[in-house]
2 protein chains.
Amino acid sequence: MKKSIGKKTILYPTPVLVIGTYDSARRANVMTASWGGICCSNPPCVAVSLRKATYSYGNIVERQAFTVNIPSEAYLGKADYFGIVSGRNEDKFAVSGLTPVKGDFVDAPYIKEFPLVLECKVIHTIEIGLHTQFIGEIIDVKVEESVMSESGLPDIEMVKPALFVPESRDYYGIGKHLGKAFSLGKPV
Amino acid sequence: MKKSIGKKTILYPTPVLVIGTYDSARRANVMTASWGGICCSNPPCVAVSLRKATYSYGNIVERQAFTVNIPSEAYLGKADYFGIVSGRNEDKFAVSGLTPVKGDFVDAPYIKEFPLVLECKVIHTIEIGLHTQFIGEIIDVKVEESVMSESGLPDIEMVKPALFVPESRDYYGIGKHLGKAFSLGKPV
């Protein structure tokens, strides 16, 4: 039996995305967001939604670029910190001890220590309500060689990303392998 | 050391979203998508991206409504099947044995057996490229009572959702609890 719980932003899983930007003084900033996901295969695009009140919002509007940095479990505490304080008041790279690196293709910094990084150029900006959605074309994906499989792709079991649970505000890790997509449910 | 692997749609985790729609003959259809996520807190909105070639695309354009159904691990095979065949050629509800239920608030069906369901009304349609993004306002969230915690919210450990790994096309389950958000990284 189903119970209605009304208008809520619940979806499982949502990601833990650390968004990298430069401010007008070219200071690197990062913030954590869970409202986002891949939104197009060609051109490859990722969507991230930020509140206008965030420091990163103004940075993206000005630079039209951002990075998406995926923390491993080991960096989850840093990622959580990036979602608590504002870059308007604090140099989050300095406090966290992590290292900003200028993107090779876009005007935004990525986090050297994180295993998986997307460099993105804004191609659409959609005003939705409290959040503004930025659609970024993925210009490059960067993978730490230590988490790369023989196929040349990142291995999710080595990346060890986290997921965020809306409303209850919990973080979880990745569990066991459940099967291959486009195969598990193939009619026989 | 990071290695560039080019323009790819890689993000961890991406969700397994089963999208429910009615066609012009009012036949219920479902398809599986992993390009999507929450995109606004107020109004609460979810974004899902579909290719124009899908049967569901035309249904959403016509009805301006869809549901998002989250499969538990037990239903992952059915969800995978929904992503392999087209509703243009096959009645996926009949083949899968699952039950379509008319949404209470929108002109779209949800899956009775799935633990978590969102009823959505389209408020924006964004042409990106191969995929079109539909932004749906979440009009209602429905939770199977058996996966509801005492707080009245769904419990992710009981819902047991799956996640999709782009490129390698694997499914994974949810792992262990890693901590509380907005707390784990709080400066002391």
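Answer yes or no as to whether B:Lys92 is open to solvent by 10 Å² or more (accessible area, probe 1.4 Å) and either over 15 Å from B:Gly36 (Cα atoms) or within 14 Å of the chain's Cα centre (by Cα) (or both). Talk me through it step by step, then tell me what you get.
Working: open to solvent by 10 Å² or more (accessible area, probe 1.4 Å): no; either over 15 Å from B:Gly36 (Cα atoms) or within 14 Å of the chain's Cα centre (by Cα) (or both): yes.
Judged against the criteria, B:Lys92 is not a match.
I need the full set of residues from region A:12-39 which are free of Cβ contacts under 8 Å to residues at least 12 places away in the same chain and within 24 Å of B:Tyr171 (Cα to Cα), in order please.
Residue satisfying the conditions is A:Ile38 alone.
Count, please, the residues in region A:1-13 that happen to be of a type in the set (Val, Ile, Thr) and either touching a Pro at 6+ places or on another chain (Cβ under 6 Å) or not in a strand (DSSP E or B) (or both).
Of the residues in that region, 2 qualify.
Kindly provide the set of residues from region A:65-82 that are open to solvent by 10 Å² or more (accessible area, probe 1.4 Å) and more than 7 Å from chain B (Cβ to nearest Cβ), ordered by number.
Answer for region A:65-82, where residues must be open to solvent by 10 Å² or more (accessible area, probe 1.4 Å) and more than 7 Å from chain B (Cβ to nearest Cβ): A:Ser72, A:Ala74, A:Tyr75.
Which of the residues that make up region B:95-107 are open to solvent by 50 Å² or more (accessible area, probe 1.4 Å) and under 16 Å from the mean Cα position of the chain (by Cα)?
B:Pro100
As an exercise: evaluate B:Leu130 against (1) touching a residue at least 24 places away in the same chain (Cβ under 8 Å); (2) farther than 25 Å from A:Gly175 by Cβ; (3) within 8 Å of another protein chain (Cβ to nearest Cβ); (4) open to solvent by less than 60 Å² (accessible area, probe 1.4 Å) and give the number of the one condition it does not meet.
(4)
Please enumerate the residues belonging to region B:149-169 that are under 19 Å from the mean Cα position of the chain (by Cα) and free of Cβ contacts under 8 Å to residues at least 40 places away in the same chain.
Those that are under 19 Å from the mean Cα position of the chain (by Cα) and free of Cβ contacts under 8 Å to residues at least 40 places away in the same chain: B:Leu153, B:Pro154, B:Asp155, B:Ile156, B:Glu157, B:Arg169.
Which residue is least open to solvent (accessible area, probe 1.4 Å), if the candidates are limited to region A:133-188 and must be aliphatic (A, V, I, L, M) and more than 7 Å from chain B (Cβ to nearest Cβ)? Before the answer, list the steps.
So in region A:133-188, the residues aliphatic (A, V, I, L, M) come out as A:135, A:138-139, A:141, A:143, A:147-148, A:153, A:156, A:158-159, A:162-163, A:165, A:174, A:178, A:181, A:184, A:188.
Within this subset, residues satisfying the condition of being more than 7 Å from chain B (Cβ to nearest Cβ) are A:147, A:158, A:188.
Numbers: A:Val147: 13, A:Met158: 82, A:Val188: 185 Å².
By that ranking, first place goes to A:Val147.
Can you tell me which residues in region B:3-40 are surrounded by fewer than 21 Cβ atoms within 10 Å (Cβ to Cβ) and within 27 Å of A:Gly103 (Cα to Cα)?
Once the filter is applied, which keeps residues that are surrounded by fewer than 21 Cβ atoms within 10 Å (Cβ to Cβ) and within 27 Å of A:Gly103 (Cα to Cα), region B:3-40 yields B:Lys3, B:Ser4, B:Ile5, B:Gly6, B:Lys7, B:Lys8.
With region A:74-185 as the region, which strands (runs of 3 or more DSSP E) entirely inside it contain at least 2 residues that are at pLDDT 95 or above and closer than 26 Å to A:Arg27 by Cα?
A:100-102, A:109-111, A:116-127, A:131-144
How many residues are assigned to a strand (DSSP E or B), free of Cβ contacts under 8 Å to residues at least 60 places away in the same chain and open to solvent by less than 10 Å² (accessible area, probe 1.4 Å) when one looks only at region B:41-64?
0
Among the listed residues A:Tyr172, A:Tyr110, which satisfies the condition of being within 19 Å of B:Lys2 (Cβ to Cβ), under 17 Å from the mean Cα position of the chain (by Cα) and not basic (Lys, Arg)?
Of the residues listed, the single one that is within 19 Å of B:Lys2 (Cβ to Cβ), under 17 Å from the mean Cα position of the chain (by Cα) and not basic (Lys, Arg) is A:Tyr110.
Take A:Val85 and decide whether it is surrounded by fewer than 19 Cβ atoms within 10 Å (Cβ to Cβ), in contact with a helix residue (DSSP H, G or I) (Cβ under 7 Å, 6 or more places away or on another chain) and more than 19 Å from A:Gly37 (Cβ to Cβ). Talk me through it step by step, then tell me what you get.
Working: surrounded by fewer than 19 Cβ atoms within 10 Å (Cβ to Cβ): yes; in contact with a helix residue (DSSP H, G or I) (Cβ under 7 Å, 6 or more places away or on another chain): yes; more than 19 Å from A:Gly37 (Cβ to Cβ): yes.
Yes, satisfied.
The values are calculated or read from the model by the stated rules, or taken from the named source; none is laboratory data. Here the structure is a predicted model, which is why all the values come from computation and not from measurement. Don't worry about glycine lacking a Cβ; one is built from the backbone with ideal geometry, like all the others, and counts go over all protein chains shown. Ligands, DNA and RNA are stripped out before the accessible areas are found, and what is left, the full protein with its side chains, is counted by its heavy atoms. Shrake-Rupley method; radii C 1.70, N 1.55, O 1.52, S 1.80 Å.
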